[in-house]
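Notes for the one structure printed next.
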Amino acid sequence: MRWKRKTHHGGSSQQEQISPTLADEVFAIDEEVSHLSKLKSEPSQRTRASLYAGKKRPIPTFKLLSGRESNRSGMGRFSSADCCYALRKHLPVKGPWCVDDMDSEAYISQFSSDGSLLIGGFRGSHIRVYNAEKKWKIQKDVICKRLRWTVSDVALSPDRRYLAYSSLSPTVHIVNVQNDVRESHADITELHEALEFSDEDDGYSFGIFSVKFSTDGRELVVGNNNESICIYDLGANKVTERIHAHVADVNVVTFADDTSNVLYSGSDDSLCKISEDNPSDLVENPKVVVVEMPFPNRDVWDRRCLRRQKPVGVLTGHLDGITFIDSRGDGHYFISNCKDQSIKLWDLRKMSSTTKECTPKAYEWDYRWMTYPSEARYLKHPYDQSLATFRGHSVLRTLIRCYFSPMYSTGQRYIYTGSSDQCVYIYDVATGEVVEKLRWHGSIIRDCSWHPYLPTLVSSSWDGYLVRWEATEDEKDPSMLRTGKQRMHPEGYTMSFVL
């Protein structure tokens with residue numbers, strides 16, 4: 001996000017524009033990632049051979065179950081791929097049902113890693129923790145402290161005991177969500193510990209957009225509007241690293257895998273960066289920059305590269321600011337959502353060691369209240385190194401988030417995202433097709449979260465609703481939200497700052 005915006009896109013020249021209809025754009029994806037996606041989400045060769053003599057044709061769920069019960073494959077059970085194949089036929093598209101209805105915009109909806117808790121964040125200084133195993137009962141009702149505009153992000157500690165929340169201010173607060181205090185009013189009914197991230201030169205304009213716990217729970221990492229990434233050591237109670245890696249707001253930070261050694265960051269300078277501790281050289285083109293830097297207990301860095309401020313690799317492709325990044329968790333693949341109205345899939349192993357310049361094209365627009373320029377919508381970067389590009393959703397007015405679907409139930413076969421056109425989009429990684437489009441909300445969907453084990457998806461919208469989509473619920477249930485009950489704004493709505 002930026003306070004003021006005049007965007008210069010590192011786009012292609014006029015002769016490099018693609019066809020002016022998205023339907024004419026041919027989807028292409030790297031063969032390896034397509035194969036891996038299918039391998040983890042389609043019946044194993046042994047199962048297919050036992051049922052259809054190896055022929056590649058759809059297998060009904062009943063046939064899968066009867067084959068398992070009669071032990072046709074000889075394994076006596078489903079493989080993980082068999083399970084994903086059966087479960088992905090039952091996507092969470094029925095409903096929705098109301099989880100909560102608030103008087104301010106819903107910005108965040110996030111399941112805990114085990115799916116037992118759901119975190120909802122709202123503009124009105126409000127965070128609620130719901131118990132997903134007890135019919136979405138409110139376990140913790142948090143009234144936040146020192147919020148500026150909205151709750152920008154939340155992060156749950158690995159042991160699910162502490163919740164960190166941020167705002168457009170230099171302070172992150174931490175609250176215990178597992179104690180007996182249900183109504184948590186900051187520093188009134190319960191202490192919300194404050195962690196200060198700004199230094200003397202930052203001032204109150206310092207705002208935090210993204211916050212993440214490290215896997216061991218000992219550090220917090222934030223991205224902010226001071227063009228930097230900050231790492232906070234919770235044991236030492238101070239900021240230990242301040243990485244000036246971008247030339248614009250850092251909208252998102254996340255870890256590449258469970259080691260917490262590698263960080264991804266996305267910025268309004270159109271760069272996604274992957275680093276192991278400190279910044280490398282900044283290049284003017286929109287790209288993904290891969291840098292190798294020192295990290296505790298790792299000897300994979302070259303201090304001569306650090307002194308020269310030279311990146312060891314680049315990945316190029318996006319044409320505008322990055323709103324979100326999600327890692328596949330394997331240290332290789334990740335996706336990025338962008339204001340160029342696309343999601344891109346990347347493989348770090350495809351990076352190059354040199355940067356190729358392209359002719360920049362300038363478009364003056366502000367994503368907070370303008371539509372994306374028609375002359376920019378169909379441009380393609382001449383040196384795009386992404387594995388695949390997914391189009392159809394809309395990224396306007398706010399930092400809309402995207403994710404891989406869960407490994408357990410889908411084999412990460414899908415990518416899903418919120419959208420400014422009030423829908424949740426579910427893309428097939430292997431084909432690029434929109435396989436489902438969830439419609440009900442009356443306003444922008446900024447965030448959504450797929451349960452890690454169950455066919456349940458929760459979406460959060462600026463209409464004030466947190467709703468859940470299911471695969472198995474009764475659509476005749478009178479409690480299901482019906483068409484015609486939507487609204488554009490929450491009750492008691494007042495105009496909000498856009499984030």
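Scanning the stretch 408-423 for residues that are closer than 20 Å to MET102 by Cα and assigned to a strand (DSSP E or B) yields a single hit, CYS423. Determine, yes or no, whether PHE122 is of a type in the set (Phe, Trp, Tyr), within 23 Å of the chain's Cα centre (by Cα) and within 20 Å of THR472 (Cα to Cα). No: the conditions fail for PHE122.
Results for (1) open to solvent by 10 Å² or more (accessible area, probe 1.4 Å); (2) in a strand (DSSP E or B), shown as yes or no for each residue.
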residue	(1), (2)
TYR367	no, no
ARG397	yes, no
LYS437	yes, yes
ARG446	no, yes
LEU457	no, yes
ASP463	no, no
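Here is the figure for the stretch 123-142: residues that are open to solvent by less than 10 Å² (accessible area, probe 1.4 Å) and hydroxyl-bearing (Ser, Thr, Tyr) total 1. In the stretch 177-194 there is at least one residue that is assigned to a strand (DSSP E or B) and free of Cβ contacts under 8 Å to residues at least 40 places away in the same chain.
If you filter the stretch 19-40 down to residues that are assigned to a loop (DSSP other than H, G, I, E, B) and within 19 Å of LEU387 (Cα to Cα), you find that the one that is modelled with the highest pLDDT is PHE27. Regarding GLY120, is this residue closer than 17 Å to ARG182 by Cβ and either open to solvent by less than 10 Å² (accessible area, probe 1.4 Å) or modelled with pLDDT of 95 or more (or both)? Yes.
Among the residues of this structure, GLN110 counts as one that is surrounded by 15 or more Cβ atoms within 10 Å (Cβ to Cβ) and at pLDDT 70 or above. Looking for something modelled with pLDDT of 80 or more and either open to solvent by 10 Å² or more (accessible area, probe 1.4 Å) or among the acidic types (Asp, Glu) (or both) - is there at least one such residue anywhere in the stretch 266-281? Yes: the stretch 266-281 contains one or more residues that are modelled with pLDDT of 80 or more and either open to solvent by 10 Å² or more (accessible area, probe 1.4 Å) or among the acidic types (Asp, Glu) (or both). Taking the conditions (1) within 23 Å of SER41 (Cβ to Cβ); (2) open to solvent by 10 Å² or more (accessible area, probe 1.4 Å); (3) not basic (Lys, Arg) in turn, VAL429 satisfies each one other than (2). For LYS485, the conditions (1) over 22 Å from the mean Cα position of the chain (by Cα); (2) touching a residue at least 24 places away in the same chain (Cβ under 8 Å) are fulfilled apart from (2). Figure legend. Inter-residue proximity from the stretch 83-102: first residues of a type in the set (Ser, Thr, Tyr), second residues open to solvent by 20 Å² or more (accessible area, probe 1.4 Å), beta-carbon distance below 7 Å, spacing 6+ or different chains. Indicated pairs: TYR85/GLU42.
Results for (1) over 22 Å from VAL395 (Cα atoms); (2) more than 18 Å from the chain's Cα centre (by Cα); (3) among the small types (Gly, Ala, Ser), shown as yes or no for each residue.
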residue	(1), (2), (3)
GLY442	no, yes, yes
SER449	no, no, yes
PRO452	yes, no, no
ASP463	no, yes, no
GLU475	yes, yes, no
SER479	yes, yes, yes
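Residue count for the stretch 148-171, restricted to those that are outside any strand (DSSP E or B), among the hydrophobic types (A, V, I, L, M, F, W, C) and either in contact (Cβ under 8 Å) with a residue 60 or more places away in the chain or open to solvent by 40 Å² or more (accessible area, probe 1.4 Å) (or both): 2.
Considering only the stretch 154-174, I want to know if a residue exists there that is basic (Lys, Arg) and either within 16 Å of PHE122 (Cα to Cα) or at pLDDT below 95 (or both). Checking the stretch 154-174: not a single residue is basic (Lys, Arg) and either within 16 Å of PHE122 (Cα to Cα) or at pLDDT below 95 (or both). All conditions but one from (1) among the small types (Gly, Ala, Ser); (2) within 17 Å of the chain's Cα centre (by Cα); (3) assigned to a helix (DSSP H, G or I) apply to ALA376; the one that does not is (2). Scanning the stretch 465-478 for residues that are in contact (Cβ under 8 Å) with a residue 40 or more places away in the chain and open to solvent by 70 Å² or more (accessible area, probe 1.4 Å) returns THR472, GLU475. Screening GLY432, GLY442, GLY411 for residues that are under 21 Å from GLY329 (Cβ atoms) and among the small types (Gly, Ala, Ser) leaves exactly one candidate, GLY411. In the condition set (1) more than 23 Å from GLN110 (Cα to Cα); (2) open to solvent by 10 Å² or more (accessible area, probe 1.4 Å), LEU379 is compliant with all but (2).
From the list ASP216, ASP233, ASP257, the lone residue that is open to solvent by less than 50 Å² (accessible area, probe 1.4 Å), among the acidic types (Asp, Glu) and either out of contact with any strand residue (DSSP E or B) (no Cβ under 6 Å at 6 or more places or on another chain) or under 26 Å from MET351 (Cα atoms) (or both) is ASP257. Are any of the residues in the stretch 84-91 open to solvent by less than 40 Å² (accessible area, probe 1.4 Å), closer than 30 Å to VAL142 by Cα, modelled with pLDDT of 80 or more and within 28 Å of the chain's Cα centre (by Cα)? No: the stretch 84-91 contains no residue that is open to solvent by less than 40 Å² (accessible area, probe 1.4 Å), closer than 30 Å to VAL142 by Cα, modelled with pLDDT of 80 or more and within 28 Å of the chain's Cα centre (by Cα).
The values are calculated or read from the model by the stated rules, or taken from the named source; none is laboratory data. Every value quoted in this text rests on a predicted model; they were computed, and no experiment measured them. Reconstructed Cβ throughout: ideal geometry from the backbone, glycine too, with neighbour counts over all protein chains shown. Only protein heavy atoms, including side chains, enter the accessible area calculation; ligands, DNA and RNA are left aside. Shrake-Rupley method; radii C 1.70, N 1.55, O 1.52, S 1.80 Å.
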